[in-house]
Amino acid sequence: MPRPSTTGRAGRVRGAARSRAAARSHGAARSRAAGRVRGALAVLLAAVALVAVSACAAIPTGGAVRTGQSLKDDAVSGVDFRPSAPEPGAGQSAILRGFVNAATGAQDNYAVAREFLSDSFAQKWNPRQSTTIRQGDGDVEQVGDRELTYTLSASATVDSDGEYTQAVRPTSSTLTYQFTKQDGQWRISYAPDGIILTPASFGQVFQPHALYFYDPTYRYLVPDERWFLARSSTSTRIVSALLAGPADWMKGAVLSSFPEGTQLSLNAVTVDNGSAQVDLSIEALRANTVDKVRMREQLARSLSSVATISSVTMTSEGATFSVPDSGGTSAVVNPDVDPRPLVVAGSAVGNAAPGTGDVAKLGGGMSDAIAALSPRSVAVTASGTDAAVGDDDGVFVVQSGKKPLRLDARPGLVPPSIDDQGFVWAAQASAPRSVVAWSFRGEQHPVSSTLPDGQLVSFQVSRDGTRALALIDADGGPALYVMAIVRDSDGTPTALGSPVRLQAADGTAVAATWVTDLDVASLGQTASGPTVVRSTIGGQATDLQKPDGSATQIVGGSGGALLLRMSDGQVLQSAGGGWDRTGITASVLGTQR
């Protein structure tokens with residue numbers, strides 16, 4: 001087993017920690033030599049007990065605070081594992097298991113793991129090619145005199161670019177390893193590239209970081225989550241990935257302000273006194289003044305998850321990079337909504353106050369116009385002046401001061417979605433690829449996609465307008481997909497990108513919703529009650545507590561909260577690990593952008 005050694009969160013420096021640990025050890029030795037029995041012996045016994053429990057040297061929790069060294073990069077955070085080296089005389093099976101376990105120690109480019117490899121193969125093995133998160137223990141089988149297989153059940157993978165892929169269901173995989181004798185000891189002469197980690201180890205040695213790109217209007221910064229080792233090179237990995245561009249599935253929906261071909265000129269980002277110094281290749285000089293400001297904003301937002309960084313300075317080939325001294329762009333990150341749920345309650349349509357249930361009606365005659373349609377679903381733009389309404393006669397657009405306009409009369413339409421670029425999205429439940437984007441004037445624009453067959457249950461556009469979320473009831477059960485939205489230069493939607501599958505709630509598919517710019521949620525119904533799963537795009541999924549009763553709608557609320565409408569009309573809100581009643585009763589729970 002690897003021996004975990006806690007190194008603390010960002011801002012604690014390993015060098016200073018070792019100095020304090022060494023000082024304490026030296027002080028204890030002098031105490032023993034001086035014969036100071038009771039106090040010193042108690043401290044010594046406590047230290048021995050701590051080592052016995054943790055099998056590691058930890059950062060002291062007592063003693064005076066000392067000034068650490070100046071950081072040249074972001075501080076190491078999380079847990080620093082110290083895996084065991086090969087034991088003399090170990091057999092092939094023990095060497096293989098030791099090698100797999102040693103993948104927790106990334107220090108010195110996985111130096112300990114390479115000790116399990118033959119000299120001729122050690123530098124050929126590429127641990128950063130991929131990371132596989134396994135469930136349970138792997139099975140080792142001898143298939144030849146010098147060949148073993150390792151069979152595991154994979155729950156997720158991370159590729160060399162840091163992109164996380166959740167397995168829809170655990171997938172079995174068998175890897176082959178070859179052995180040779182070196183100086184009388186068994187060593188691995190061939191191993192697949194990449195490392196294997198348990199979920200617990202992965203969560204301790206890898207951390208998520210969002211890269212930020214612009215939507216085509218430059219009104220929003222859109223996240224692209226990646227996972228990188230919690231090492232001192234994290235800031236360099238983040239910037240390198242940012243310069244390489246968005247994940248393949250997001251291409252066509254988001255933009256980068258960096259001129260094509262821009263790279264890190266020194267292959268490293270340095271951090272000094274909280275300032276990240278990013279030296280870019282000469283291509284960066286092609287950017288105009290506006291793009292330079294946006295470049296800095298992309299860097300600042302993408303590096304904001306590194307605790308040791310508070311500002312960003314750009315240079316090019318070591319020369320000063322002239323950027324206006326402004327606070328950044330006006331682009332919005334993770335747009336929020338009114339904390340009051342949007343509801344249809346009787347003849348009133350608007351935002352309801354928790355506790356009282358009083359409804360502040362939508363203005364411009366919209367409340368009365370929507371209520372007159374006997375709506376089954378409502379989605380309102382961020383301005384509150386435009387709404388997409390679904391009823392028994394189709395899909396309508398309702399605008400402030402105007403009469404409702406029916407856009408789509410096809411039968412069996414799912415609840416429509418609306419974006420802030422002037423389009424209402426509609427699709428038939430029986431045909432997931434029947435998506436049409438309607439302009440508010442009634443012009444239809446078919447949107448091509450490669451969504452799989454099944455029964456479309458839910459279709460919703462993200463608040464930044466760059467991605468769409470689709471829930472399909474397929475033969476194998478509920479399937480949840482996120483896709484990029486590709487638009488013409490005038491903003492007209494033309495296509496949906498390749499679907500990326502996320503974990504969906506069990507049971508009969510009921511609905512899905514955007515929660516934040518990175519999180520989505522899906523609702524299912526089983527015999528034992530509703531099931532709710534919250535999934536991070538490019539990250540992990542969490543099963544939420546089951547609410548009592550039967551749920552009919554799920555909507556993303558303010559501040560990342562979730563809202564449920566139960567079959568009796570009661571509106572619940574996620575709170576901590578459970579659900580609280582809001583005191584609001586509604587016939588329809590609406591979606592706010």
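The values are calculated or read from the model by the stated rules, or taken from the named source; none is laboratory data. These figures come from a predicted structure and were not determined experimentally. Please note: Cβ atoms are built from the backbone with ideal geometry, for glycine as well, and neighbour counts cover all protein chains shown. These area figures cover heavy atoms from the full protein model, side chains too; ligands, DNA and RNA do not enter into them. Shrake-Rupley method; radii C 1.70, N 1.55, O 1.52, S 1.80 Å.
The tail of the calculated P(r) for the chain, taken as Cα-Cα distances beyond 39 Å, holds 42 percent of the pairs. Legend: residues Arg231, Arg501, sorted from most to least accessible area (1.4 Å probe; ligands, DNA and RNA excluded), read Arg501, Arg231.
With +1 assigned to the C-beta of every Lys and Arg and -1 to the C-beta of every Asp and Glu, and no other charges, what is the dipole magnitude of the range 244-396 about the Cα centre in debye, to the nearest 20?
Approximately 180 debye in magnitude.
Helix 92-101 and the longest principal axis of the Cα set of the chain meet at an angle near 60°. Surface analysis of the chain yields an accessible area of 44 Å² per residue, using protein heavy atoms and a 1.4 Å probe. The separation of the range 241-314 from the range 132-182, counted between C-alpha centres, amounts to 35 Å. For Arg487, the shell of other residues with beta-carbons less than 14 Å away shows a net charge of -3, using +1 for Lys and Arg and -1 for Asp and Glu.
How large a share of the accessible area of the chain, in percent, is made up of carbon and sulfur atoms when the probe is 1.4 Å and the other protein chains stay in place?
48 percent
The phi-based Karplus calculation (6.51 cos²θ - 1.76 cosθ + 1.60; θ = phi - 60°) puts the 3J(HN,Hα) values of the range 424-430 at 10, 9, 9, 7, 8, 4, 6 Hz, whole numbers, x for Gly and Pro. Peptides 460-473, 367-380, 150-163, 502-515 ranked from most to least packed, by the mean per-residue count of other Cβ atoms within 10 Å: 460-473, 502-515, 367-380, 150-163.
Computed from Cα atoms, the angle from the helix 234-244 axis to the main principal axis of the chain rounds to 50 degrees.
Positive contributions from Lys and Arg (+1) and negative ones from Asp and Glu (-1), summed over other residues with Cβ under 12 Å from the Cβ of Ser265, come out at -3. Mean residue ellipticity at 222 nm, helices only, the chain: -5000 deg cm²/dmol; runs of at least 4 DSSP H residues each add -39,500 (n - 2.57), and the sum is divided by the number of residues.
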